[in-house]
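So the structure is just underneath, and the comments pick up after that.
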Amino acid sequence: MIHIRQPFFSIAAATVFGILGLLFGIDAARDSVVIIGGAELEQNAIWALTGVLFLMAYFALVHLKD
């Protein structure tokens, strides 16, 4: 079994969430069509998803204080 230390996982998760938030934000700013699971998202939903992804990246980094 591979043991991954928590700081590595927190940094990796924050990086993934940050990149996804940045990409969704760019798509929202360019008025691109975003399709998730076969459903086309409205612009408000794309902006909301962008904010949630950045919040998840922030909370992943907050755990590094421990």
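Along the Cα→Cβ direction, 7 angstrom out, place labels at Tyr58 and Glu42. What is the inter-label distance in nm?
My value for the distance between the label points is 2.4 nm.
Where does the chain land at 222 nm, in deg cm²/dmol rounded to the nearest 500, when only DSSP H runs of n ≥ 4 count, each adding -39500 (n - 2.57), divided by all residues?
-23500 deg cm²/dmol
Give me log10 I(q)/I(0) at q = 0.11, 0.14, 0.22 Å⁻¹ for the chain, Debye formula, one equal scatterer per alpha-carbon, no solvent.
The Cα Debye sum returns log10 ratios of -0.33, -0.49, -0.85.
Suppose all protein chains stay in the model; what accessible area per residue would a 1.4 Å probe give for the chain, in Å²? Intermediate results must be reported in sequence, preceding the final value.
On the way: 5150 Å² over 66 residues.
Using a 1.4 Å probe on heavy atoms only, each residue of the chain averages 78 Å².
The values are calculated or read from the model by the stated rules, or taken from the named source; none is laboratory data. None of these values were measured; they are calculated from a predicted model. We place every Cβ from the backbone using ideal geometry, glycine too, and count neighbours over all the protein chains shown. Ligands, DNA and RNA are excluded from the accessible area calculation, which covers all protein heavy atoms including side chains. Shrake-Rupley method; radii C 1.70, N 1.55, O 1.52, S 1.80 Å.
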